[in-house]
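Reviewing the structure listed below.
The values are calculated or read from the model by the stated rules, or taken from the named source; none is laboratory data. Since the model is a prediction, treat every value here as computed from it, not as a measurement. Cβ placement follows ideal geometry from the backbone for every residue including glycine, while neighbour counts extend to all protein chains displayed. Ligands, DNA and RNA are excluded from the accessible area calculation, which covers all protein heavy atoms including side chains. Shrake-Rupley method; radii C 1.70, N 1.55, O 1.52, S 1.80 Å.
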Amino acid sequence: MSEDAPATALRAQALDQSFGDVDVLSGVSLSVARGEVAAIVGPNGSGKSTLLHILAGVAAPDDGSVAVPREAAGARSVGYLPQRPAFRDGFSARDTLGFYAQLLDGVDDDDVAATLDRVGLGGVADRSVGSLSGGMTRLLGLGEAVLGDPSVLILDEPGSGLDPAMVERLFSVVGDLAADGTAVVVASHELPAVEAHADTVYVLDEGDFAAS
């Protein structure tokens, strides 16, 4: 690696995962650098969510490994946005991130305010979660995922069910995060957004990458 090449933020090697007699992942490997947006595309049932669960540390693979260099991380190493984030309706957007900040070392109210601004929710920080639109709720989930400045961000279908303008807004925020040095892995069916914002695209089919 040359001195100017960005550092590797995440490396997955030979990931295998089966459920019963169904092989979902078979020897999947990928490496993502800091500042890179890597998109995972593929048909429903191809294993995208399973792969993201493993990369985010939500689930352990049957075999293989995932490594995230700790020295590249902030208060935590990996942030994860599930496909359907859920929050308490009675909390405001600020309260929601403030509650989560208590679980992270070195994250305070100033970081919460900066994160809300970072994902474009500074102007609605005191609105209740229940009054937010679907797109704003997804942006709040993104804010929760980036709180604590993780070096790796894992996003599972962040644009699912959103209108094209909100999809573009969300992916623009993702692009800004990558420009600041975050490594992003995103599974998405939003191919125009993927084409506009992804540096690398992996096509997952039948448990392995068919192309990249």
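Within segment 136-150, restricting attention to residues that are part of a helix (DSSP H, G or I) and over 12 Å from the mean Cα position of the chain (by Cα), the residue that is surrounded by the most Cβ atoms within 10 Å (Cβ to Cβ) is 140. Listed by position, the strands (runs of 3 or more DSSP E) inside segment 1-114 whose residues that are touching a Phe, Trp or Tyr at 6+ places or on another chain (Cβ under 9 Å) and among the β-branched types (Val, Ile, Thr) number at least 3 are 37-41.
Against the conditions (1) open to solvent by 80 Å² or more (accessible area, probe 1.4 Å); (2) in contact with a Gly (Cβ under 7 Å, 6 or more places away or on another chain); (3) closer than 30 Å to residue 28 by Cα, residue 86 satisfies every one except (2). The residues in segment 89-105 that are open to solvent by 40 Å² or more (accessible area, probe 1.4 Å) and either among the aliphatic types (A, V, I, L, M) or out of contact with any helix residue (DSSP H, G or I) (no Cβ under 6 Å at 6 or more places or on another chain) (or both) can be counted, and the count is 7. For segment 151-177, filtered to residues that are buried (at least 23 other Cβ atoms within 10 Å of the Cβ) and β-branched (Val, Ile, Thr), the residue that is nearest to residue 52 (Cα to Cα) is 154. Does segment 123-134 include one or more residues that are in contact with a Lys or Arg (Cβ under 8 Å, 6 or more places away or on another chain), part of a helix (DSSP H, G or I) and either open to solvent by less than 20 Å² (accessible area, probe 1.4 Å) or modelled with pLDDT of 90 or more (or both)? Checking segment 123-134: at least one residue is in contact with a Lys or Arg (Cβ under 8 Å, 6 or more places away or on another chain), part of a helix (DSSP H, G or I) and either open to solvent by less than 20 Å² (accessible area, probe 1.4 Å) or modelled with pLDDT of 90 or more (or both).
One residue alone among 77, 49 is crowded, with 18+ Cβ neighbours inside 10 Å, touching a strand residue (DSSP E or B) at 6+ places or on another chain (Cβ under 7 Å), small (Gly, Ala, Ser) and modelled with pLDDT under 90, and that residue is 77. Answer yes if at least one residue in segment 186-195 is under 30 Å from residue 109 (Cα atoms) and in contact (Cβ under 8 Å) with a residue 12 or more places away in the chain, and no otherwise. Within segment 186-195, one or more residues are under 30 Å from residue 109 (Cα atoms) and in contact (Cβ under 8 Å) with a residue 12 or more places away in the chain.
Results for (1) modelled with pLDDT of 90 or more; (2) under 13 Å from the mean Cα position of the chain (by Cα), shown as yes or no for each residue.
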| position | (1), (2) |
| --- | --- |
| 24 | yes, no |
| 37 | yes, yes |
| 65 | yes, no |
| 83 | no, yes |
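With respect to the stated conditions, residue 109 is free of Cβ contacts under 8 Å to residues at least 40 places away in the same chain and open to solvent by 20 Å² or more (accessible area, probe 1.4 Å).
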